[in-house]
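Encoded as structure tokens, the structure appears first; notes follow it.
The values are calculated or read from the model by the stated rules, or taken from the named source; none is laboratory data. Treat the numbers as computed from the prediction; the structure is a model and nothing was measured. Cβ sites come from the backbone with ideal geometry, for glycine too, and all protein chains shown count toward neighbours. When the accessible area is computed, the model is the full protein with side chains, heavy atoms only, and any ligands, DNA or RNA have been set aside. Shrake-Rupley method; radii C 1.70, N 1.55, O 1.52, S 1.80 Å.
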Amino acid sequence: MSQPFRFVHSSDLHLERPLGGLGETPAHLADLLIDAPYAAAERVFDLAISERADFLVLSGDVLDVDRAGPRAVAFLLAQCERLAAREIAVYWAYGPAERRSPWPAELRLPANVHVFARGAAQTLAHHSDGEDLAVLVGTSDEPRTAEPHRARKGSAGGDAPFETLVKPKGGRFALAVIHGRVSGKHLAKSGFDYWACGGEHGRRQFGNGRHLAVYAGSPQARSPAERGVHGAVVVDVDEHGAPHPRFVATDLARFRRVRLTLDPSAPQSDQEKIVADRVRAELARAAGLDLFLRCQLSATGATTLRTPRDAWGQSWLRWLRQEFGTDSPAAWTLSVDVQPSGTAAGMAAPDGSLLADYLAAIADFEQLEESLPLAMLLPESQRTSPAARLIHIDDAHERARVLRQARLLGRDLLGAEEESA
């Protein structure tokens, strides 16, 4: 038995990088594009305080000092001093951003901030009330992959081997802190209770209930390629030394892809209501956050388009921006892509239906360049159980097969319900 404790895990703050990939930048959202990474990062530090965390782990790519400039340096110092005032430690392993431009030696970080050494793994013990709560092993050199892997956007390779991170002997809870790729085979062999990983901007975890690898992801998405919710991870360690991570959103803006099917022969007011209802539903899901939308529009019905597809899409783009782009919160449409007729033959579903939402979710999974995060579909209490390990799918061919079968099963089950409704 050991003393329970709590820590917060975050990575890839990228204070030097505003939101981008938008094409034209709407003037009324310019401040959001610049300030969102700072506000999201501040929420990470707020989380450490509100959750009464014992320490905060930063797994690299916090900032590139040269590119970020004085604002980011002053911001990070202020946030670390906030935690120092509450006796919350910070453990920071460098990623590529910091190696390109390390923290200036003449600017001393507060005493509560511990930066892992470069060149070799470093072991640091975290104490509370005279008791060793945990031991952290990290390096500010980028680990290489322990086994061959498929390239992945937002991930890092490197030079230093994972074998330099060795779990110390003893019964203390042990964390490995790195920026790079961890394999499932190495996780099982290493013995660390928790791998605090950086290098992927989307959250992901794998392993079993006692030995976990977690990518916290970036606190704020930066481009349309980084869809979904972003945040940080709060980890509760129980009296048996088992970690229980829970994700907490910290983002201020989200990127979404929206699929719509319209009948061009229907009255324009009816079409606009369908589109408006869907955008309002997306805003409701975002609970007050600003949205950046990419819309995919399909035409259905017996009547063919009377205008070229590009012109139809541009007219909807102008309408969407006018109706929703200047509200607060805003839903700014980045693009409207009109799908050729027949693209989704046999797969169309009434917009707003359960089947349409289901098929859209399957399509989102197909766009992920990573293993299927099926464990996130389990109840939270089961996400670190043996069942979560059994449903982990990392093989690309198996992943495609499972999604294909899921699409067909969804049509069989949900399609039948809609026909009878």
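Couple of notes before you dig in:
- Reported count of residues in region 184-222, each being polar (S, T, N, Q) and either open to solvent by less than 10 Å² (accessible area, probe 1.4 Å) or touching a Gly at 6+ places or on another chain (Cβ under 9 Å) (or both), is 2.
- Answer residue from region 223-235, given it is modelled with pLDDT of 95 or more and not aliphatic (A, V, I, L, M) and is farthest from Asp277 (Cα to Cα) among those: Gly231
- For Tyr38: the one exception among (1) of a type in the set (Ser, Thr, Tyr); (2) farther than 22 Å from Val135 by Cα; (3) over 19 Å from the mean Cα position of the chain (by Cα): (3)
- Matching residues, region 1-49, being in contact with a strand residue (DSSP E or B) (Cβ under 7 Å, 6 or more places away or on another chain), of a type in the set (Lys, Arg) and modelled with pLDDT under 95: none
- Filter result for Phe255 (open to solvent by less than 10 Å² (accessible area, probe 1.4 Å) and touching a Leu at 6+ places or on another chain (Cβ under 8 Å)): yes
- Looking across region 225-241, the residues that are out of contact with any Ser or Thr (no Cβ under 8 Å at 6 or more places or on another chain) and open to solvent by 20 Å² or more (accessible area, probe 1.4 Å) come down to Ala225, Arg227, Gly228, Val229, Asp236, Asp238.
- No other residue among Arg99, Arg67, Arg52, Arg82 is open to solvent by 40 Å² or more (accessible area, probe 1.4 Å), in a helix (DSSP H, G or I) and modelled with pLDDT of 95 or more apart from Arg82.
To keep it simple, each residue is scored yes or no on (1) surrounded by 16 or more Cβ atoms within 10 Å (Cβ to Cβ); (2) among the aliphatic types (A, V, I, L, M); (3) within 20 Å of Ala48 (Cα to Cα); (4) at pLDDT 75 or above.
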position: Arg108; (1), (2), (3), (4): no, no, no, yes
position: Ala111; (1), (2), (3), (4): no, yes, yes, yes
position: Val115; (1), (2), (3), (4): yes, yes, yes, yes
position: Ser128; (1), (2), (3), (4): no, no, yes, yes
position: Thr139; (1), (2), (3), (4): yes, no, no, yes
position: His149; (1), (2), (3), (4): no, no, no, no
position: Lys169; (1), (2), (3), (4): no, no, no, yes
position: Phe173; (1), (2), (3), (4): yes, no, yes, yes
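- Ala249 being crowded, with 20+ Cβ neighbours inside 10 Å, closer than 21 Å to Leu29 by Cβ and either at pLDDT below 95 or in contact with a strand residue (DSSP E or B) (Cβ under 8 Å, 6 or more places away or on another chain) (or both): no
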